[in-house]
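The values are calculated or read from the model by the stated rules, or taken from the named source; none is laboratory data. All figures in this text were calculated on a predicted structure; none of them were measured in a lab. Neighbour counts are summed over all protein chains in view; Cβ atoms, including those assigned to glycine, are modelled from backbone coordinates with ideal geometry. Surface accessibility is based on the protein's heavy atoms, side chains included, excluding ligands, DNA and RNA. Shrake-Rupley method; radii C 1.70, N 1.55, O 1.52, S 1.80 Å.
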Amino acid sequence: MTPDQVFARWVRASLLLFALVFCYFLAADLWMPMTPQSRVLHPVIRVAPQVSGQVVGVAVADNQHVTAGELLFSIDPRPFELAVQQAQLALEAAERDNAGIDASIAAAQAQVRSAEVRSTELARERRRMQTLLASHNVSRQSYDQILASHQAAQADVASLRAQVQQLEVQRGEGDQGNLRLRQARNALEQAKLNLSYTQVRAESSGVISNLQVRPGTYAVAGSSLAALVGDDADVVADFREKSLVHMDIDESAAIVFDAIPGRVFEARVAGIAAGTQQGQLLPDGSLAAPETSDRWVRDAQRQRVHLLLDEEPELLSGLPTGARATVQLFPVGGPATWLGRVQIRLVSLMHYIY
C-alpha cells in the first residue's frame, strides 16, 4: 500500500469518526442532555441592623454556624432605653391628662344639672307670672324680667352642654377612643421595638460570612455588616432550550459535584424557571431595544432547571454556595439512559484530573 493510499485511508477514517461524533452529540443533546453549567445555591441574607448605633459586642466569629434567633452582635442600647423611658413618661402624662379631663367632664355635667334646675324653676315662675299677667295682678315689666331670666337660663344650659360635649370629644370613648393616649402607646411600642432591634439576631440557620463588624464600629441602619448563608440549598443547571424538549417535571437526573469527584448522585427535576433576565421588560418608560447581531447562528438561549437530590439531601448544606456541578438528564428511556449514565460516570472520573 502506497503512502498516498495510507493517507487517504486515514482521511476517510477521520471523516467517518467526525461524522459519528457529530451525530452522537446531536442525538445526545436531545435524548441525554448534559451541562457543566450547574451550581449549588444557598439563600444569602444580608445582615444589616434596623437601627443605627455603636456596636458594643460581637457574639459570633466569621464563618461560624448559627441557628435561627441566635445573637450576632449588639448595639449600644442606652439611647433606646432612654427613648423607652421618655415614651413611658409621655404615656403617663396622657393618662393624667385624661384623668383631669374626666374630672372636668364631671364638673361640667354638675353645672349642666344645676343650670337645668334653675331653668326648670324659672319656667314654672314664668307660667305663674303669665297667669297673673292675664288677670292683671302683675305688671308687664315683671313678666318680661322673668321671661328674660328663663331664656338666659336656657342659653346657659345649652352652653354648658356644648362644653361637656367638647370635653367628651377630647377625651374619647374609653382608652381606645382617646387619640393622645393611643399616640403615646404607639410611641412606647415603637421605642420598645427599636430597643429590641439593638440585638441583631440570625433570621435563619446558616453560616456567617464576611463579618465586618467589631466592638466600637458605628452601625448604620440598613447597611450590611455580614452575610448569612442559609443551610437550605438548591441545585440549578442551565440547559439549552432545545435540550429540554423531551424533559418533564419529576424526571430522573444525575449530578456530579466538582467537590466530590468519583461519585454520582441520583436526583430529579423539581422545576424550570419561568424565564430569564433577557425576557424581562422594565416599565421605565424607555422604548424597545431590539437585539442586533451580525452572526449567522446566534448563541443558544439557556433555561434554568432546579433539581433535588434523591439521596443524602443533607449533603448540599455542607457544600458552599456557588459550588460547581455537572448535571445529566434522562428524558427518554432505552439506550439513551444507559449512554447518559456512561457520560456522567466518565465526567465524575475526569474530576479527579481537573
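Things to note:
- Cα Rg over Rh - segment 57-153, Kirkwood: 1.71
- Fully extended contour minus Cα-Cα distance, from Gln130 to Arg345, at 0.36 nm per residue: 65.5 nm
- Kyte-Doolittle mean at least 0.0, axial Cα span of 15 Å or more - DSSP H helices of the chain: 3-31, 335-350
- For segment 1-68, taking the reciprocal of the average inverse distance between every pair of different Cα atoms yields a Kirkwood hydrodynamic radius of 19.3 Å.
- For the chain, the fraction of C-alpha pairs more than 35 angstrom apart is 63%.
- Shown here are the Rg and Dmax of the Cα trace of segment 245-304, at 18.0, 52 Å.
- Mean sequence separation of contacting Cα pairs (under 8 Å, at least six apart), scaled by the length of the chain, corresponds to a relative contact order of 31 percent.
- Here segment 1-65 has 69 percent of its accessible surface on carbon and sulfur atoms, given a 1.4 Å probe and all protein chains in place.
- Hz values of 3J(HN,Hα) by residue in segment 311-317 - Karplus curve (6.51, -1.76, 1.60), Gly and Pro given as x: 10, 6, x, 5, 4, 5, 5
- Solvent-accessible area of His306 with every protein chain in place, 1.4 Å probe, in Å² to the nearest 10: 60
- Accessible surface of segment 189-255, 1.4 Å probe, proportion on carbon and sulfur as whole %: 48
- Solvent-accessible area per residue, Å², over the chain with all protein chains present [probe radius 1.4 Å]: 63
- Convex hull per residue volume in Å³, alpha carbons only, for segment 207-349: 203
- Positive contributions from Lys and Arg (+1) and negative ones from Asp and Glu (-1), summed over other residues with Cβ under 12 Å from the Cβ of Leu30, come out at 0.
- Ligands, DNA and RNA aside, Lys192 has an accessible area near 90 Å² when probed at 1.4 Å.
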